[in-house]
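One structure is given here, and the rest of the page talks about it.
The values are calculated or read from the model by the stated rules, or taken from the named source; none is laboratory data. Bear in mind that the values here come from a model prediction, so they are computed numbers and not experimental data. For neighbour counting, all protein chains shown are included, and Cβ atoms are generated from backbone atoms with ideal geometry for every residue, glycine included. Note: accessible area is taken over every heavy atom of the protein model, side chains too, but ligands, DNA and RNA are not part of it. Shrake-Rupley method; radii C 1.70, N 1.55, O 1.52, S 1.80 Å.
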Amino acid sequence: MPEGFPDYLDVAYEDGEGETPDDYPSIHDKIEKAIEVTKEGLEQYENPVVMWTGGKDSTLCLYFIKEVAEKHGYDVPPAVFIDHYQHFDEIHDFVDKWADEWDLEVIYARNEDVGAYVDEHSLSPGDDIDISELSEHNQHHVRNLLEYEDETFPFLLDTYVGNHLLKTVALNDALEEYDVDGVISGVRWDEQEARADETFFSPRHDPDIYPPHDRVQPILQFDEASVWQAFWNFVVPDTVAEYPDDGHVPQSSEDLPNDLTQDDIPVSPKYFAGFRSLGSEVSTDKTTEEPAWLQDMENTTERAGRAQDKEDLMERLRDLGYM
């Protein structure tokens, strides 16, 4: 942890308290706030990182960071990609391609102890992991923090133990290793009930739970529809030279202008294929065949395709450091 944290910071931790996306009624209001929070984050934190899943929200955050950094002369912070061993191959391909395209440094956060056990025993998702064969570090998390008493847990991302070890422990270990003081992340108020009370600068200072740091959250005020509005009217036109400057909302992967293909667009192909929220390969389903931005966002749930046992545990998981 950088020496003196958080005394060198001057951020308003209450900024955004009690607000909802309705407090930022237009897309320009939402973008203006995102730029303000991003700029303050890059100014205030000595060693920030940006969380990047390859999904729409974290990629939107990356866009704001790149734009603000270029305009004001800041360095683009490293991106942290949590590799939980159950990603769609297309997600890895997308992250690799756009990291190279945008000249990003990517930190791959992995729970390598669990990964080694999985490889050694040739496990498939759902197979049991023997807790006694894991490192003392992982056993401490399972027994003391989670108070989990069974002898095994399933190798599945969207469960209490699996999510914590594969994502949260991997993240916290990376934050400690790289002395991170600010984590810029793409969570939104409307995405999940457990995130509805977040503020734009959110302290995570309890050393018994995670390496002390702050969460910087520039797109809390966006809803799902406005994320896609930002993509097709700002992100893609600004980052793809051949895309129309005034934007274009494609109706399918075949409806891209100027002979562009999905591979030319910084939008995961899983969204073109009907997925609205990207989780693990074994527990995320598409909702329809329509691209995500054309689906009925008002009357259907964005995370309906995600495993609901993890969704039900979200509040407890976040208390332990989950995003």
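Could you tell me whether Ile219 is open to solvent by 10 Å² or more (accessible area, probe 1.4 Å) and not in a helix (DSSP H, G or I)? Can you show your working first?
Details: open to solvent by 10 Å² or more (accessible area, probe 1.4 Å): no; not in a helix (DSSP H, G or I): yes.
Considered against the rule, which asks whether it is open to solvent by 10 Å² or more (accessible area, probe 1.4 Å) and not in a helix (DSSP H, G or I), Ile219 comes out as no.
When the residues of the stretch 115-149 are filtered to those that are among the polar types (S, T, N, Q) and more than 22 Å from Ser283 (Cα to Cα), which remaining residue is surrounded by the most Cβ atoms within 10 Å (Cβ to Cβ)? Step through it out loud before you land on a result.
In the first step, residues of the stretch 115-149 are kept if they are among the polar types (S, T, N, Q); the result is 122, 124, 132, 135, 138-139, 144.
Next, only the ones that are more than 22 Å from Ser283 (Cα to Cα) stay: 132, 135, 138-139, 144.
On the way: Ser132: 7, Ser135: 14, Asn138: 20, Gln139: 14, Asn144: 9.
So the residue we want is Asn138.
When you scan the stretch 89-110, do you find a residue that is aliphatic (A, V, I, L, M), open to solvent by 20 Å² or more (accessible area, probe 1.4 Å) and outside any helix (DSSP H, G or I), even just one? Quick ask: steps written out before the conclusion?
So in the stretch 89-110, the residues aliphatic (A, V, I, L, M) come out as 91, 95, 99, 104, 106-107, 109.
Filter once more, keeping what is open to solvent by 20 Å² or more (accessible area, probe 1.4 Å): 104, 106.
From the residues that got through so far, the ones that are outside any helix (DSSP H, G or I) too are 104, 106.
Scanning the stretch 89-110 turns up at least one residue that is aliphatic (A, V, I, L, M), open to solvent by 20 Å² or more (accessible area, probe 1.4 Å) and outside any helix (DSSP H, G or I).
Please go through (1) touching a residue at least 60 places away in the same chain (Cβ under 8 Å); (2) assigned to a helix (DSSP H, G or I); (3) not hydrophobic (A, V, I, L, M, F, W, C) for Glu32 and return the number of the only condition it doesn't satisfy.
Among (1) touching a residue at least 60 places away in the same chain (Cβ under 8 Å); (2) assigned to a helix (DSSP H, G or I); (3) not hydrophobic (A, V, I, L, M, F, W, C), the lone unmet condition for Glu32 is (1).
Testing Leu60 on (1) under 13 Å from the mean Cα position of the chain (by Cα); (2) under 21 Å from Pro211 (Cα atoms), one condition comes back false. Which one is that?
Here Leu60 clears every test but (2).
Looking at the stretch 62-90 only, could you name the residues that are touching a helix residue (DSSP H, G or I) at 6+ places or on another chain (Cβ under 7 Å) and over 18 Å from Glu177 (Cβ atoms)?
Tyr63, Phe64, Ile65, Val68, Ala69, His72, Tyr74, Asp75, Val76, Tyr85, Phe88, Glu90
Within the stretch 250-306, track down each residue that is assigned to a loop (DSSP other than H, G, I, E, B), surrounded by fewer than 19 Cβ atoms within 10 Å (Cβ to Cβ) and among the hydrophobic types (A, V, I, L, M, F, W, C).
Within the stretch 250-306, Leu260, Ala273, Val282, Met297, Ala304 qualify.
Consider Ser122 against the criteria (1) touching a residue at least 24 places away in the same chain (Cβ under 8 Å); (2) part of a loop (DSSP other than H, G, I, E, B): it satisfies all of them except one. Which criterion is unmet?
Unmet condition: (1).
Identify, please: which residue in the stretch 238-249 is closer than 23 Å to Val95 by Cα, of a type outside the set (A, V, I, L, M, F, W, C) and touching a Pro at 6+ places or on another chain (Cβ under 9 Å) and is, among those, least open to solvent (accessible area, probe 1.4 Å)? Walk me through how you get there before you give the answer.
Initially, the stretch 238-249 is screened for residues closer than 23 Å to Val95 by Cα, giving 238-243, 249.
Those left that are additionally of a type outside the set (A, V, I, L, M, F, W, C): 238-239, 242-243.
So of that shortlist, the ones also touching a Pro at 6+ places or on another chain (Cβ under 9 Å) come out as 239, 242-243.
Values: Thr239: 41, Glu242: 100, Tyr243: 5 Å².
Per the stated criteria, the residue is Tyr243.
Looking at (1) touching a His at 6+ places or on another chain (Cβ under 7 Å); (2) modelled with pLDDT under 95; (3) more than 19 Å from Arg110 (Cα to Cα), find the lone condition where Asn144 falls short.
(1)
Among the residues of the stretch 150-166, how many are touching a residue at least 24 places away in the same chain (Cβ under 8 Å) and either part of a loop (DSSP other than H, G, I, E, B) or surrounded by 22 or more Cβ atoms within 10 Å (Cβ to Cβ) (or both)? Talk me through it step by step, then tell me what you get.
Let us first name the residues in the stretch 150-166 that are touching a residue at least 24 places away in the same chain (Cβ under 8 Å), namely 152-160, 163-166.
From the residues that got through so far, the ones that are either part of a loop (DSSP other than H, G, I, E, B) or surrounded by 22 or more Cβ atoms within 10 Å (Cβ to Cβ) (or both) too are 155-159, 163-166.
Residues meeting the conditions: 9.
Tell me, which residue of the stretch 167-180 that is part of a loop (DSSP other than H, G, I, E, B) and either touching a Cys at 6+ places or on another chain (Cβ under 7 Å) or open to solvent by 10 Å² or more (accessible area, probe 1.4 Å) (or both) is nearest to Asp130 (Cα to Cα)? Spell out how you get there, then give the answer.
Let us first name the residues in the stretch 167-180 that are part of a loop (DSSP other than H, G, I, E, B), namely 178-180.
Next, only the ones that are either touching a Cys at 6+ places or on another chain (Cβ under 7 Å) or open to solvent by 10 Å² or more (accessible area, probe 1.4 Å) (or both) stay: 178-179.
Numbers: Tyr178: 30, Asp179: 31 Å.
If we take residues in the stretch 167-180 being part of a loop (DSSP other than H, G, I, E, B) and either touching a Cys at 6+ places or on another chain (Cβ under 7 Å) or open to solvent by 10 Å² or more (accessible area, probe 1.4 Å) (or both), then Tyr178 is nearest to Asp130 (Cα to Cα).
Identify, from the list Val76, Val68, the residue that is open to solvent by less than 10 Å² (accessible area, probe 1.4 Å), closer than 30 Å to Phe272 by Cβ and of a type in the set (A, V, I, L, M, F, W, C).
Details: Val76 fails: open to solvent by less than 10 Å² (accessible area, probe 1.4 Å).
The match here is Val68.
Are any residues in the stretch 14-34 surrounded by 15 or more Cβ atoms within 10 Å (Cβ to Cβ) and either in contact with a Leu (Cβ under 7 Å, 6 or more places away or on another chain) or among the β-branched types (Val, Ile, Thr) (or both), and if so, which ones? Can you show your working first?
Residues of the stretch 14-34 surrounded by 15 or more Cβ atoms within 10 Å (Cβ to Cβ): 15-16, 19, 21, 24, 27, 30-31, 33-34.
Gly16, Ile27, Ile31, listed by residue number.
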